[in-house]
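What follows is a short report on a single structure.
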Amino acid sequence: MAGEADPLGEMKSARALDPTTEELRRLIATLKKCFAPEEFFTVAECARLAEEAQVTTFGRPEYKHPDLHKEMVSHGKIDAIAFGFKLKRHRDRVLDGWSVRVASGKRKAKNPNSYYLEAPRAEQPGSGIPFMITAAMKERLRACGYSDDDIRNMSPQQAHEILARPPAEDREVM
């Protein structure tokens, strides 16, 4: 088909203009600025962060997380309910390897209404030699069924390996 437009090129440009995909792209970019991959968060925590302000060198107030504030504002004020619906609408949708996940099952947080960002496998923490088990990792290990004694007796390498496994994989207590 010499001289005709590439039909797949048209499809790619149409997908790029999809408002739902763009909303997801903005949401993930915003959440990545506020939370690490696999870090649990709630809508209430997002609202708190969105409202945090600081004073500039010129004495003007500004939001510490302007992108999050913009994502959460509806009709001039923070709307946690609408933001919660936005998270639910986009949960489990993958964009460039990133997704917003509900913390449930073996990946359950203390708060049942928690979410977390799942990074592409290549970008997830764990490359290199781990030297410590963070508080967030301990929380995730407890959610997977490990006791405080189990966690205390495991090496950072073991903890990283356990948390790097896919969620569906069975995990045995040490």
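Derivation of every value follows stated rules applied to the coordinates shown; laboratory data play no part. Owing to the predicted nature of the structure, the values given are computational and were not obtained by experimental measurement.
Some notes on this structure:
- In sequence order, calculated HN-Hα J values of the stretch 150-156 (Karplus, 6.51, -1.76, 1.60; Hz; x Gly/Pro): 4, 5, 4, 8, 9, 7, x
- Amide H contacts under 5 Å for R93, placed H, 5+ residues apart: V100
- Its relative contact order, with pairs defined as Cα atoms under 8 Å and 6+ residues apart, puts the stretch 28-117 at 34 percent.
- Karplus 3J(HN,Hα) series, Hz, for the stretch 41-48 with 6.51 cos²θ - 1.76 cosθ + 1.60 (x for Gly, Pro): 8, 10, 4, 4, 5, 4, 4, 4
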